[in-house]
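The values are calculated or read from the model by the stated rules, or taken from the named source; none is laboratory data. Because the structure is predicted, anything quoted here is derived from the model rather than measured. FYI the Cβ positions are ideal-geometry reconstructions off the backbone, even for glycines, and counts take in every protein chain you see.
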Amino acid sequence: MSAAVAAGLPAGLALREEVRPADLEAVRAIVASTGFFRPDEIDVAVELVEERLARGAASGYEFVFAERGGATVGYACFGPIACTLGSYDLFWIAVEEGCRGQGLGRLLLGQAEARIRAVGGRRVYIETSSQPRYEPTRGFYHAAGYALEARLVEFYAPGDDKLVYVRAL
């Protein structure tokens, strides 16, 4: 992380990119705390950490973690989309429920975007659910400059469309 970014962080907050074994349980706890995801979805979030730990950069999964007082309180996971030139997925972004509303999600998203831009990334894609409980998530993406690009009807389940948001960097 650059000194300029570190200087702009809220007091007591640190960012890191290194993935550690302890992140397996931290990610599980953060994603579970949101109340948005089923157990199988939480397992997928943890699997991406496992894959990064096992394969390193070859996994295609990059991370940014936010820590406060030595505890991991949020993270973003992103990576290049295979067979594209400069398109990236934001796979996960989550902040511990007790820390939401403090700008940590925006900070993590900004860090992920900066890292994507630094390696020549052009566009970031994010998928989410059309369910009403995801309205705050959709509002977050919209406020961050993402636009709804596609809707795949009943993708996740009957009455649950997949919404794809995109932002050009």
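Quick notes on this structure:
- Within segment 19-47, the only residue that satisfies the criterion of being more than 20 Å from residue 71 (Cα to Cα) and touching a residue at least 24 places away in the same chain (Cβ under 8 Å) is 36.
- Pairs, first within 12 Å of residue 106 (Cα to Cα) and not assigned by TED's automatic domain parsing to the domain that holds residue 164 in segment 132-148, second surrounded by 16 or more Cβ atoms within 10 Å (Cβ to Cβ) and modelled with pLDDT of 95 or more, C-beta under 7 Å, six or more apart: none
- Scan of segment 51-71 for residues that are touching a strand residue (DSSP E or B) at 6+ places or on another chain (Cβ under 8 Å) and not in a helix (DSSP H, G or I), ordered by number: 60, 61, 62, 63, 64, 65, 66, 67, 68
- Test: residue in segment 58-73 that is among the aliphatic types (A, V, I, L, M) and surrounded by fewer than 18 Cβ atoms within 10 Å (Cβ to Cβ): yes
- Residue in segment 109-124 that is in contact with a Ser or Thr (Cβ under 6 Å, 6 or more places away or on another chain) and not in a strand (DSSP E or B) present: no
- The set of residues from segment 29-50 being part of a helix (DSSP H, G or I) and either surrounded by 16 or more Cβ atoms within 10 Å (Cβ to Cβ) or among the small types (Gly, Ala, Ser) (or both) comprises 29, 30, 31, 32, 33, 42, 45, 46, 48, 49, 50.
- Just one of the listed residues (105, 101) is touching a strand residue (DSSP E or B) at 6+ places or on another chain (Cβ under 6 Å), in the same structural domain as residue 13 (by TED's automatic domain parsing) and closer than 18 Å to residue 74 by Cα, and it is 105.
- Check on residue 127, acidic (Asp, Glu) and over 25 Å from residue 23 (Cβ atoms): no
- Selection within segment 130-150 - surrounded by 12 or more Cβ atoms within 10 Å (Cβ to Cβ) and in a strand (DSSP E or B): 148, 149, 150
- Checked against (1) in contact (Cβ under 8 Å) with a residue 40 or more places away in the chain; (2) surrounded by 15 or more Cβ atoms within 10 Å (Cβ to Cβ); (3) out of contact with any Asp or Glu (no Cβ under 6 Å at 6 or more places or on another chain), residue 103 meets all criteria but (2).
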